[in-house]
Amino acid sequence: MEQRKKELEIVQHTQMNFLEIFLLEMVSRQPHGHEDLEIGLVLEGELRLYLESDCILLKPGDIYIINRYQVHALSAAGRKSLILAFQMDTEFYRRMNPSLERVRIESNIIHSGALHKTLHDDLMTCAMCYFQGADNYELRCASIMLDALYHLLSSAHCHRTSESEQRTARSNSARLNRITDFIAENYTQKISLQDIADREQITVCHASHFIRKMLGISFQDYLNNKRFEHAFRLIRNSDSSFNILDICLETGFSSSRYLNQMFEKKLGCTVKDYLRSEKEPVPVSPSLPADNYERKYEFEKAREKLAEVSDLV
C-alpha cells in the first residue's frame, strides 16, 4: 500500500519560524485538522464554523480558537467572508512549559467582553506589524502574541489534556486528513467506503463509524456534498450553452437525475429551475463544506485591506 506523506495538514511558516498570519477571503474550507494552534478574527461577512459536532455562525468582530488537531471546517454564510487567521507552531510556546502543548481551550468563540477587547487589539496590532515588516518586526509580533496567549489562557475556560488524549487526537486528525484528501483527489471517479477502508487498513464498518463520528455525516453524504459543490460552482458561473451531462461527468455524478436530486435537496429546485431564476441570490442550505475555495491576500494587499477595515471591527 502506498505510504501517504501528508499525515497532517502542514502549515508552512514562511515569514516567521513559528507564526504565520493570513488574510483570507473565505468561501469554503473542507474538514481538516492541523498541528498548529489557530486564532481567527472575522473581519467582514458572516462565517459558519463547523467544529466537531457544532455549527456556529460567526459575525464580524467574533474571534474563534481552534485547538491543535481539532477537526474543523469553514464556509461563508453569504458569498464570502474576510478572516484574519493566526497559526502558531507549538515550538512558539512549549519551550517555556512543555505541558502548554497539551492545553485545550474550551471557550472556542469569543464574542464580547474584556477578553475579546484585549485579544482583538492584540490581533490587529500584530497583523499590522507583521504585514508592514519593519525592522525587528518578528520580535514585536512574538511579544504581542505571547501576551495574547497569556490573556487567553488566564481568562478562557481551558484544561491540559493527557498524553494519551493528545495522541488520539493527533491520530484521528491525521486519518481524517488522509480520507478527505483522498476524496478530494478522486471524487470525480467511482469511489466507495471500501476504498477508504483498504487505504486505512481497517474494516468498512470501522471506516463508516469513524467518518460519521468525525464529520457528523456519512461517507456517501460527504462525497455527494463534494460533487454538488463543484457542480453548483460550474453551473452558477456557466453560460446558457453548457451541457448538463458534461457537468455530471466532470463532477462524478453518474446521471443528471442524481444531480437534480442534489439540487432539489440543497436548493429546492431542479437545475433548469435554478437557471431560470437569474442565479443570484439563491440560498444554499447549510451543509458541511467539502471543498476548498479561498483567496489569500499578498502582503501589500493585506496591509492595504487591513488599514481599510481596521476601524470597522
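In a shell of Cβ-Cβ distance under 12 Å around N260, excluding N260 itself, what net charge do Lys and Arg (+1) and Asp and Glu (-1) give?
Details: positive: R257, K265, K266, K272; negative: E264, D273.
With Lys, Arg at +1 and Asp, Glu at -1, the neighbours total +2.
With the cut-off at under 14 Å, measuring from each backbone N in the stretch 26-47 to a point 7 Å along the Cα-to-Cβ line of L57 picks out 45-47. Computing FRET efficiency as 1/(1 + (r/R0)^6) for E138 and E200, where r is the C-beta to C-beta distance and R0 is 35 Å, gives about 0.30. Hey, got the dipole for the stretch 157-282? About the Cα centre, +1 on K and R Cβ, -1 on D and E Cβ, debye to the nearest 20? For this selection, approximately 280 debye.
Give the angle, between 0 and 90 degrees and rounded to the nearest 10, that separates the Cα long axis of helix 256-267 from the longest principal axis of the Cα atoms of the chain. It is inclined by approximately 40 degrees. Under the shape rule built on the C-alpha gyration tensor, where the axes satisfy a ≥ b ≥ c, the stretch 52-103 is prolate, since a/c reaches at least 1.5 and a/b is greater than b/c. Helix 163-186: angle to the longest alpha-carbon principal axis of the chain, degrees 0 to 90, nearest 10? Computed tilt is about 40 degrees.
Per atom type, the chain shows carbon and sulfur on 48% of its accessible surface, probed at 1.4 Å.
Taking the C-alpha atoms only, the angle from helix 219-236 to the longest principal axis of the chain is near 80 degrees.
Label zone (R233, point 7 Å along Cα-to-C-beta; backbone nitrogen cut-off 11 Å) within the stretch 19-38: 27-30.
Taking 1 over the mean of 1/r across every pair of different Cα atoms in the stretch 141-222, what Kirkwood radius in Å do you get?
Taking every pair of different Cα atoms in the stretch 141-222, averaging 1/r and inverting gives 15.4 Å.
Quick check on the stretch 1-152: take the gyration tensor over C-alpha atoms, sort the square-rooted eigenvalues as a ≥ b ≥ c, and tell me if it's rounded (a/c under 1.5), prolate or oblate. Rounded. Take the residue pairs K80/K296; K226/K265; K80/K272; K59/K117; K190/K226; K59/K265 and return only those whose Cα atoms are more than 18 Å apart. Check vs 18 Å cut-off fails for K80/K272; K59/K265. Rounded, prolate or oblate, given the Cα gyration tensor of the stretch 93-177, with a/c below 1.5 counting as rounded? Prolate shape, in that a/c is at least 1.5 and a/b is the bigger ratio. D by Stokes-Einstein for the stretch 195-242, Kirkwood Rh over Cα pairs, 10 °C, 1.306 mPa s: 127 µm²/s. Computed log10 I(q)/I(0) for the stretch 116-263 at 0.18, 0.19, 0.20 Å⁻¹: -0.96, -1.01, -1.08, from the Debye equation with unit scatterers placed on every C-alpha and solvent omitted. Between the listed residues A85, L58, C141, the Cα displaced farthest toward the positive end of the dipole of the chain, a dipole computed from Cβ unit charges relative to the Cα centre, is found at L58. Using the Cβ of L100 as centre and a radius below 13 Å, the other residues enclosed give a net charge of +3, where K and R count +1 and D and E count -1.
Subtracting the Cα-Cα distance of F182 and I109 from 0.36 nm times their residue separation leaves 23.2 nm of extension gain. C158 exposes around 40 Å² of accessible area when a 1.4 Å probe is run over every protein chain in place.
With +1 on each Lys and Arg Cβ and -1 on each Asp and Glu Cβ, and nothing else charged, work out how big the dipole of the stretch 82-217 is about its Cα centre, in Debye to the nearest 20. Don't skip to the end; give the middle numbers.
Values: 15 positive and 16 negative charges, 98 e Å.
About 480 debye.
The Cβ shell under 10 Å around F131 holds other residues with a net charge of 0, Lys and Arg each +1, Asp and Glu each -1. If the segment from H151 to N97 were pulled out straight at 0.36 nm per residue, it would be longer than the present Cα-Cα gap by 17.8 nm.
Under 8 Å for C-alpha pairs, at least 6 residues apart: give me the relative contact order for the stretch 35-181, rounded to a whole percent.
Working: 217 pairs, mean separation 35.5, N = 147.
That works out to 24 percent.
Each listed q (0.07, 0.10, 0.11, 0.12 Å⁻¹) maps to a log10 I(q)/I(0) for the chain from the Debye sum over equal C-alpha point scatterers, namely -0.31, -0.63, -0.75, -0.88.
The values are calculated or read from the model by the stated rules, or taken from the named source; none is laboratory data. All values reported here derive from a predicted model rather than from experimental measurement. Cβ coordinates were reconstructed from backbone atoms using ideal geometry, including for glycine residues, and neighbour counts include every protein chain displayed. When the accessible area is computed, the model is the full protein with side chains, heavy atoms only, and any ligands, DNA or RNA have been set aside. Shrake-Rupley method; radii C 1.70, N 1.55, O 1.52, S 1.80 Å.
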